[in-house]
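The values are calculated or read from the model by the stated rules, or taken from the named source; none is laboratory data. In this text the structure is predicted, and so the values were computed from the model without any measurement. Note that each Cβ is placed from the backbone with ideal geometry, even for glycine, and that neighbours are counted across all protein chains shown. Side chains are part of the model used for accessible areas, which takes the heavy atoms of the whole protein and leaves out ligands, DNA and RNA. Shrake-Rupley method; radii C 1.70, N 1.55, O 1.52, S 1.80 Å.
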Amino acid sequence: MIIRGGIVYDPANGIFGEEIDLCIDRGRIVEDAKGEEIDAHDLLVMAGGVDAHSHIAGAKVNAGRIMRPDDARLGMEQATAVCRPSTGYTVPNCYAIGYRYAHLGYTTAFEAATPILESRHTHEELEEIPIIDKGALTLFGSNWEVMQCVRENDLKKLAAYVAWGLRASKGYGVKIVNPGGGEAWGFGANVKGIYDPVPNFDVTPAEIMKSLAQVNESLRLPHSIHVHFNNLGKPGNYTTAIESLDLFKDIKPSRMRQVVHVAHMQFSAYGGTSWKDFKSEAPAIADYFNKNHFCTMDIGQILFGSATTMTADAPLEYGNAHLLHTKWSNHDIELEESSGVVPLVYLRKNPVNAIQWAIGMELALLTKDPWNVILTTDHPNGSPFVNYPEVVSLLMSKVKRQEELSNIHELASKRTTLTGIEREMDWCDIAIMTRAAPAKILGLEDKGHLGVGADADVAVYDLRPEEVDPSTQHDLVKKALAVAKYTIKGGVLASRDGEIMAAPVGRTFWVDASVAKEDEERMMEDLKEKFDRYYSIKLSNYMVQDAYVPNPVVIKAGALPVEEVAP
Amino acid sequence: MRTITLRPLRAFEVSVEAETISPSRFASLTLGQIRTQEVFMGNWKMKLADLFKVEGDEPLATPEETTIVLEGDFSKVKRIGEGMGAGTLEVRGNVGMRAGSGMKGGLMMIRGNADDWLGREMSGGKIVVEENAGNYIGSGYRGEKYGMRGGEIEIGGSAGAYLGEHMCAGTIRVKGDTGDFPGAVNQGGTIFIGGDTYLPGAEMTKGSIMVRGKATMLPSYQKAEVVTLEGIQYQKYVGDLVENGKGELYVATNSA
């Protein structure tokens, strides 16, 4: 297959809007190819989009679906010759997730949080998501065994557990959510600051985060730790964010990437002392990211309208449900985590929501290097991923931002600096924020770029970048990005003008890290005791079998040669 | 005035989804076009004329000037008059689930019984049922926070459970008894119940419910004064206190 004449933006390879023919053979970008030709003359061409943080599969997504039959009604689409039926808007069914990502020109998405115990469910759903490649980050931040290793200051044992946990869950990376809080919640409490000991466990969130970061680097995992900070969603929490970030300053990365990725930064960039004097501290956060390069973030933009918040931060969801007086699901995951789901609607005239909206914009625009800040809506917490084109058109147009600011609560202009921000992103920034940077941050070498050897994931948009001025013609930008002209996934034309042409099966990435046998043996002794005494299931039934991941891409990691991997 | 009559060609074993049967949609269609309207019977896509005999006046009219008469048993035909905005729809028999859902205006006369979800989330117009109605009359659909937003429903017989759940505005009158939990999670609107009922107004925050027969009360209602309306004495209650509600509940004293 050859894609002719497109205006290619491939910042990872230093290509900024050049007319290039792309050749594809056997699912890869190659030097030269024959066969079908796709005419992309003068059209915007980028690598397939990569979503590094999205809640697309697993028990809490399904809890959202069960709680929201009203949401299912919002996205009904009938089956076609290629497609199975779609439902839902904020919590779409599995099929719809694949089709809608393909319509956007996205070809990879990572589920942001799955406890080991629920991973089988997560993989069953991931397997049903067509077209896109995917992976899942495994939760470690409130795990009893993690906290025990940290308390004993035994990082080798912790490394053995993390490696085992990734294998048990067929997970891709280390996700930390409100460290310590998840299990404190099991006893009806929460942690307040990062130096507050977790009740009953005698470790602090700071120790948990730092130990996991060190272990993550000692195992040379492709992705860094991926953290949802303590005190998320509370006024004044930006100090917690900066305190937490400072923990990782001295840790050396084991690969060419960050040592910590901060999830949905928008929810952790709040100033003020209560909802009454709630304000933005995004400039302080952006300043930190401009001065330090060991950390990256995704913005977690909110957009006005319906959303379903879902997180392993169960105490946060308890607060949401009581504040908003709405339905709430709460879930305890034995020795690992807790989680919650709360549907909500972000309103333009609500001062808090308006400020939250502006904070996300500020973070993206004030952080100078787009490689350090990637685009997400923390689907479906801030907004469903189908609204990414709206976020892009806002980032590219000051005019559009001002229009929106005049429509929303006035405090968004007074309590944030958004009105004064002149920056308008260009296509290069957008290509980095939506493709190149997420792939680099996740450590996916064949994604997010169009160099020879890369996966043949290509998006062609019906927009002429040399003619359209995104600043004033933001509606054209939004329209073009919402429905890709062509989405090619692994060399197969998956979507054309909003119609699914083929639904190939995607692959699932997971990481197999090796550790020393003796560390693993020590760790297994701990685990056996935990399974005998506390878990409701047996250790032998715990690990996700290979059959649940029929199309795996196993990435080897670890400090030791692969042969020494314990069975 | 244009009248169109539909008669089922057979007794349906599998439910038919016929949201197309509505004055708003038929008004601008010729009889030939009406006969080819798409309906689903189970998962089979069919034409209206495959299932119904369609007769009536040919000349087009406005929706207001259009009357649809359904003769026979329509108890397996769902979604009749969905979203209708004007005109008249008369059912000479029973009607299936979700009749008049999302209705905005016009009149629906049902000479027999109505099934569940009648007039769900309707915002205007009037539905009259001469006999009994099922559950969830004028309520919000599953998971929805807002039910009936306006309009009127009158039921000559009795109604099932969850009458007017999540109701926001409008009026429902039931001559007979109702099932459990009428007016649950109400945020407005008025419900009259001629007969007996069980646990009315659970989690109601606004709106009013009036019961002429016996009512088993929730403990979370506070007694207020006794009032006389149309010559009948009612005990007034305020609640639901579980939700800090300001809903008003009137229960006739002579029946208690």
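Before moving on, here are some points about what is shown:
- Note on region B:17-169: with neighbouring protein chains present and a 1.4 Å probe, carbon and sulfur make up 45 percent of its accessible heavy-atom surface.
- Charge sum, other residues only, whose C-beta stays under 12 Å from residue A:115's C-beta, Lys/Arg counted +1 and Asp/Glu -1: -4
- Its DSSP H runs of at least 4 residues, each contributing -39,500 (n - 2.57), put the calculated 222 nm mean residue ellipticity of chain A at -9000 deg cm²/dmol, to the nearest 500.
- Computed on protein heavy atoms with a 1.4 Å probe, the accessible areas place B:203, B:17, A:445 in the order A:445, B:203, B:17, largest first.
- The B and A chains share an interface that buries close to 600 Å² of accessible area, total over both sides, probe 1.4 Å.
- Each pair of Cα atoms in region B:2-217 enters the Kirkwood radius, and Stokes-Einstein at 25 °C and 0.890 mPa s then converts it into a translational diffusion coefficient of 144 µm²/s.
- Heavy atoms of residue A:474: accessible area, 1.4 Å probe, square angstrom to 10: 30
- The 3J(HN,Hα) values that the Karplus relation (6.51, -1.76, 1.60; θ = phi - 60°) gives for region A:42-55 are, in residue order, 6, 8, 6, 10, 9, 5, x, x, 10, 9, 8, 8, 7, 9 Hz. Gly and Pro appear as x.
- Taking all protein chains as shown and a probe of 1.4 angstrom, residue A:41 keeps an accessible surface of around 90 Å².
- Enclosed volume per residue, in Å³, of the convex hull spanned by Cα atoms of the protein assembly as shown: 189
- Of the accessible area of region A:318-365, computed with a 1.4 Å probe over protein heavy atoms only, carbon and sulfur atoms account for 59 percent.
- Accessible surface, 1.4 Å probe, highest first, among residues B:123, A:306: B:123, A:306
- In straight-distance terms, cross-link reach from residue A:157 covers every one of the aspartates and glutamates whose alpha-carbon lies under 12 Å from its own, apart from those fewer than eight places away in the same chain; here that gives A:145, A:518, A:519, A:520, A:521, A:525, A:526.
- Once the partner protein chains are put back, region B:134-177 shows a loss of at least 30 square angstrom of accessible area, versus the chain by itself, at B:142, B:143, B:144, B:145 (probe 1.4 Å, ligands and nucleic acids excluded).
- Measuring between their Cα centroids, region A:20-51 and region A:249-287 lie 37 Å from each other.
- Extending 7 Å from Cα along the Cβ direction at residue A:464 and again at residue A:542 yields two label points whose distance is 6.1 nm.
- When B:46, A:76, B:122 are compared by accessible surface with a 1.4 Å probe, the order from highest to lowest is A:76, B:46, B:122.
- With contacts taken as Cα pairs under 8 Å at a separation of at least 6 residues, chain B carries a relative contact order of 10 percent.
- Checking the Cα-Cα distances for A:368/A:400; A:175/A:517; A:234/A:556 against a 28 Å cut-off, the pairs over it are A:234/A:556.
- Among B:80, B:135, B:60 the positive-end extreme of the charge dipole of region B:48-138 (Cβ point charges): B:135
- Each Cα pair under 8 Å and six or more residues apart adds its sequence gap; the mean of these over the residue count of chain A is a relative contact order of 20 percent.
- Taking every DSSP bridge with both residues inside region B:2-217, close to 20 percent are antiparallel.
- Amide H within-cut-off set for residue A:557, under 5 Å, with H built and near neighbours excluded: A:512, A:513, A:514
- Near residue A:303: Cβ cut-off under 14 Å, other residues only, Lys/Arg at +1 and Asp/Glu at -1. The net charge is +1.
- For residue A:252, the aspartates and glutamates whose Cα comes closer than 20 Å to its Cα, not counting residues fewer than 8 places off in the same chain, are A:154, A:207, A:217, A:243.
- Accessible area per residue, Å², region B:118-210 with all protein chains present, probe 1.4 Å: 33
- Zone residues, region A:280-319, relative to residue A:249, backbone N less than 19 Å from point 7 Å out along Cα-to-Cβ: A:284-297
- Residue-level accessible surface for residue A:517, protein heavy atoms, 1.4 Å, Å²: 110
- For region A:354-364, putting each phi into the Karplus relation 6.51 cos²θ - 1.76 cosθ + 1.60 with θ = phi - 60° gives couplings of 5, 5, 4, 4, 5, 4, x, 4, 4, 4, 5 Hz, in residue order, rounded to whole numbers and with x for Gly and Pro.
- Across A:249/A:528; A:60/A:192; A:210/A:349; A:478/B:47; A:134/B:45, pairs whose alpha-carbon gap is larger than 32 Å: A:249/A:528; A:210/A:349; A:478/B:47; A:134/B:45
- Database remark: amide H of residue A:271 closer than 5 angstrom to the amide H of A:236, A:279, A:280, A:281 (H placed geometrically; neighbours at sequence offset of 5 or more, or on other chains; Pro and chain starts carry no H).
- Label-point separation, residue A:79 to residue A:292 (7 Å along Cα→Cβ), nm: 5.2
- Atom-type composition of the exposed protein surface of region A:234-281 places 55 percent of the accessible area on carbon and sulfur (1.4 angstrom probe).
- 3J(HN,Hα) couplings calculated from phi for region B:218-226 with the Karplus curve 6.51 cos²θ - 1.76 cosθ + 1.60 (θ = phi - 60°) are, in sequence order, 6, x, 8, 10, 9, 5, 10, 6, 8 Hz; Gly and Pro show x.
- Going from the isolated chain to the complete set of protein chains, region A:59-96 loses at least 40 Å² of heavy-atom accessible area (1.4 Å probe) at A:70, A:73.
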